[in-house]
Amino acid sequence: MNTEQPYLLTPGPITTTLSVKQAMLQDWGSWDGDFRAKTAELCRHLIALIDGEDSHVCVPLQGSGTFAVEATLATLVPKAGKLLVLMNGAYGQRMGKIMDYLGRDYVALDKGDYAPPRAEEVEAVLVADPAITHVAVVHCETSSGILNPIEEIAEVVARHQRGLIIDSMSAFGAVAISAKTVQFDALISSANKCFEGVPGFGFSLIRQRALEASKGNAHSLSMDLLDQWQYLAKTGQWRYTPPTHVVAAFLQALKEHGEEGGVAGRHARYQRNQQRLVAGMRQLGFETLLSDEWLSPIIITFFSPGHEHFDFQTFYDRMKAQGFIIYPGKLTAAESFRLGCIGQLHDPQIDAVLAAVATVLNEMNIPDGTPAHALNAAASA
Ligand SMILES: *Cc1c(COP(=O)(O)O)cnc(C)c1O
């Protein structure tokens, strides 16, 4: 194992290819035609991935993914609008927090740590509250790894003529979505998750009609996606300094995404990583938080072993010494940790992760990964 540069089993930034890193070895003038061509190609490519040529436009924004989420909410939800935020984890909660900062009205449908928001529940809220203008949902809620039922939610939101905003940060690029079959006003993602680029910008794929109607909504100049888009359309340039090297790396990442078979090809590899990780971990006694039906091919939450010797920091440090950076859990009720399936992880890395987990359990004198609830159930049986 290459222990000097550990593999990232995290939901982004993730392990990138050498060729993506090498694409950053050149400096670009942000106003230059060559760089403007890169921006145009980036936007064209992303819009094509959602079949959005006739309906949506791409607005890239400097910063991490959260910047793009905040900018999209600020641009699309009018000051007098009202947002329904579907929450089942940290990223739904974060959208509520953004609304608090914006000082705009919202209600939450909060399902707790990981239960999926269902269409009937969303419909009941929309019917009861006609003031709601928009609904926001997280596609893959990265805190638990659940893949939320986006199609049924989009159907009900469209039927009730509200605008849908999808945080697809950790899903887009590996989970197929078409603007021709799923109706949404905006889908937000970033460079450094399933596209396997490096961090530095996010983007929002916005229904052109909705964006054009958004004048005066944004509370902040830098966050105004209408202004960003209009400037881009007029000049081919980003407003303000773009992350030139990150964009160059992203173009290379898009090329490799295409070579892997696009969204379907990437999905297949991540799905295989997920299935092999889950099967191997279950063999070691671990349990997943979610039933198979809700597991995403992005990231998996495992309950921590219930054995008295288990300590997350020790487990983390020893996994790192084996060449893998794992991710802490985010559940309020039970101890857990997460393993990501995305980035440059292939069969040999997955095999090595499983071998490393077995080694580390052994080093910690823990017989297997059985979680506390299963140990307690066995003890009381
Ligand atoms: C990663 C992530 C974000 C935020 O991205 P940052 O780049 O950390 O700001 C938002 N939503 C979801 C679902 C994510 O997975």
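Read-outs: derived from the displayed coordinates by stated rules, not from any lab. Because the structure is a prediction, the values reported are computed rather than measured. Reconstructed Cβ throughout: ideal geometry from the backbone, glycine too, with neighbour counts over all protein chains shown.
By the Cβ rule of 4.7 Å, the chain holds the following cysteines without a possible disulfide partner: C140, C194, C341.
Estimated at 0.36 nm per residue, the fully extended path between A358 and H373 surpasses their Cα-Cα distance by 3.3 nm.
Set the Förster radius R0 to 41 Å, insert the Cβ-Cβ distance between A268 and A119 as r into 1/(1 + (r/R0)^6), and round the FRET efficiency to 0.05. Step by step, r from the Cβ atoms, then E = 0.90.
Counting only DSSP H runs of at least 4 residues, each contributing -39500 (n - 2.57), and dividing by the residue count of the chain, the helix-based mean residue ellipticity at 222 nm comes to -13000 deg cm²/dmol. Under the classification rounded if a/c is under 1.5, otherwise prolate if a/b is larger than b/c and oblate if not, where does the chain fall, given a ≥ b ≥ c as square roots of the Cα gyration tensor eigenvalues? Oblate, because a/c is 1.5 or more while a/b does not exceed b/c.
The modelled label-to-label distance for the pair K97/E259, using points 7 Å beyond Cα in the direction of Cβ, is 3.8 nm. Hand me the chymotrypsin sites (Phe, Trp or Tyr not before Pro) from the range 168-253 located in a DSSP loop with no more than 12 other Cβ atoms within 10 Å, in residue order please. Here the chymotrypsin sites (Phe, Trp or Tyr not before Pro) that fit, given the DSSP loop and packing criteria, are Y240.
Please state the shape class of the range 1-98: rounded when a/c is under 1.5, otherwise prolate if a/b exceeds b/c and oblate if not, all from the C-alpha gyration tensor. Because a/c hits 1.5 or more and a/b fails to exceed b/c, the range 1-98 counts as oblate.
Based on the alpha-carbon gyration tensor of the range 43-154 and its eigenvalue square roots a ≥ b ≥ c, which shape applies: rounded if a/c is under 1.5, prolate if not and a/b is larger than b/c, or oblate?
On the way: a/c = 1.41, a/b = 1.26, b/c = 1.12.
Rounded.
So if R0 is 41 Å, what FRET efficiency would D27 and Q161 give, r being the distance between their Cβ atoms, rounded to the nearest 0.05? E between D27 and Q161, to the nearest 0.05, is 0.30. Just checking the listed ones, D100, D110, D167: in the Gaussian network model of the chain with Cα springs under 10 Å, the one fluctuating most is D100. Structural descriptor for the chain: relative contact order 24 percent, calculated from alpha carbon pairs under 8 angstrom and at least 6 residues apart.
Applying 1/(1 + (r/R0)^6) with R0 = 56 Å to the Cβ-Cβ distance of A381 and K234, what FRET efficiency is obtained, to the nearest 0.05? Computed FRET efficiency for A381 and K234: 0.20.
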